[in-house]
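Heads up, the thing below is written out as structure tokens.
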Amino acid sequence: MSTIQHYAAPRSLEEAADLLRQGNVTVLAGGTDLMPQSKAGKLKFQPVLMNIRNVEGLRGLTETGGVLRIGATTTITDLYDSDLVKSRLAALWQACDHFASDQIRNAGTIGGNICNASPAGDTLVPLLVLNARVVLAAKPNGALTQRVVPLREFFVGPGKVRREPSELVAAVEIDMPPPGFVSAFFKFGTRPALDISTISIGFGAVYEGGKLRDVRVAFGAVAPTPIRAPHVEAALEGKPLNEETIVAACDAAGQDARPISDVRASDWYRREMVRNMLERMLNNVRNG
Ligand SMILES: Cc1cc2nc3c(=O)[nH]c(=O)nc-3n(C[C@H](O)[C@H](O)[C@H](O)COP(=O)(O)OP(=O)(O)OC[C@H]3O[C@@H](n4cnc5c(N)ncnc54)[C@H](O)[C@@H]3O)c2cc1C
């Protein structure tokens, strides 16, 4: 049962931060996680429901000095429609291409995907590959301040993030990848576009002269949070992308993935999928 006593729709970040500082606020962005969770009794609304969709400056992409800032209320459709995302951040664009239906993409936001902190959240895996940072805004002493946390350190467990109740996720920042950077995203689900991932993989690296460097690999739905795969990265870094390297990387995946069995798949199946799909992705990179 809802306990909402007040609905607020702030127009500025200052106003939103003021409301959060007063406490007892549930943040509403697209509502595509919040509403089903509330209906299922998994979430109880706080007395104040704060819709952040009208907050000025929170939606859209801006690139300054090689840093891309994606506002928290930027929708999955906005990302999918961005030429910059499509041409320079292929893994993120592919994740948006495999994300739910048009209706959900039009409402669902990147900030909501991050704060919902599902181990299977589709944008989280490419954002980990892109070394994304989360920008949190608050007004602890009456003045608006920002705190920046690497996304890799932001997730604590399923549905749990390092965000204080007084903080709003204002944006995600990404250093634009270097020239020659290639990236890709793979998602497996029974109906990949509409289902939550059974497993997902993100890959990124500079591929030059047949060798990989600045390798970044991330997995979704194989641990309590989306994770980077340091053993796979070490097996690929600086190596020629040949069959031997690919086998070593796929062997290393077993050290990084710690899947559980659930209604979607067994842990054994998930491990096999990670291994086989990583092999396919690396062969795709190798074959251009
Ligand atoms: C039918 C269906 C299909 C789906 N398919 C997919 C899929 O394929 N892939 C996938 O990853 N997800 C999927 N989802 C989940 C959901 O659509 C995404 O997680 C979406 O990005 C959530 O964004 P939102 O704006 O709707 O978040 P909301 O539901 O508004 O919020 C989610 C959570 O984040 C908090 N929050 C939101 N924004 C902020 C902020 N700026 N600062 C602080 N806290 C905030 C809210 O309080 C809430 O706890 C699906 C959901 C449905 C219903």
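The values are calculated or read from the model by the stated rules, or taken from the named source; none is laboratory data. All of these numbers come straight from a predicted model, not from anything done at the bench. Here the Cβ positions follow ideal geometry from the backbone for every residue, glycine too, while neighbour counts run over all protein chains shown. Side chains included, ligands, DNA and RNA excluded: accessible areas come from the protein's heavy atoms. Shrake-Rupley method; radii C 1.70, N 1.55, O 1.52, S 1.80 Å.
Some notes on this structure:
- Look at the alpha carbon pairs under 8 Å that are at least 6 residues apart: their mean separation over the length of region 206-286 gives a relative contact order of 27 percent.
- Charge dipole magnitude, Cβ of K and R +1, D and E -1 - the chain, Cα centre, debye nearest 20: 520 debye
- Taking the inverse of the mean reciprocal distance over all distinct Cα pairs, the Kirkwood hydrodynamic radius of the chain comes to 19.5 Å.
- For ALA257, the amide hydrogen comes within under 5 Å of no other amide hydrogen, counting only partners 5 or more places away or on other chains and with H modelled in the peptide plane.
- The heavy atoms of TYR80 offer some 70 square angstrom of accessible surface to a 1.4 angstrom probe.
- Across the chain, C-alpha contacts under 8 Å between residues 6 or more apart give a mean separation that, scaled by the residue count, equals a relative contact order of 16 percent.
- Between the amide H of GLY108 and those of ILE76, distances stay under 5 Å, these residues lying 5 or more places away or on another chain, with hydrogens modeled in the peptide plane.
- Eligible lysines near LYS239 by straight Cα distance, threshold 20 Å, same-chain separation 8 or greater: LYS211
- Around LEU58: net Lys/Arg minus Asp/Glu count, Cβ-Cβ under 11 Å: +3
- Sparse packing (at most 16 other Cβ atoms within 10 Å of the Cβ) combined with a DSSP loop state is found for the following trypsin sites (Lys or Arg not before Pro) in region 1-70: ARG11, LYS42, LYS44, ARG53.
- Put a plus charge on the Cβ of each Lys and Arg, a minus charge on the Cβ of each Asp and Glu, and nothing anywhere else: the dipole of region 181-286 about its Cα centre is then about 220 debye.
- Ranked by the mean number of other Cβ atoms within 10 Å per residue, highest first, peptides 114-120, 165-171 order as 165-171, 114-120.
- Sorting ASP83, ASP102 by accessible area puts them as ASP83, ASP102; the probe is 1.4 Å, largest comes first, and only protein heavy atoms count.
- Around VAL274: net Lys/Arg minus Asp/Glu count, Cβ-Cβ under 13 Å: +1
- The listed residues HIS98, HIS231, once ranked by accessible area (1.4 Å probe) with the largest placed first, stand as HIS231, HIS98.
- Positive-end residue of THR123, GLY108, PRO177, charge dipole of the chain with Cβ unit charges: GLY108
- Cα→Cβ-extended label distance, 7 Å offset, between ILE104 and GLU208, nm: 4.0 nm
- For region 221-232, 3J(HN,Hα) computed residue by residue from phi via the Karplus equation (6.51, -1.76, 1.60; θ = phi - 60°) reads 6, 10, 6, x, 9, x, 9, 7, 10, x, 5, 5 Hz, glycine and proline entered as x.
- Summing charges over neighbours of VAL134, with a neighbour being any other residue whose Cβ is under 12 Å away from its Cβ, gives +3 when K and R count +1 and D and E count -1.
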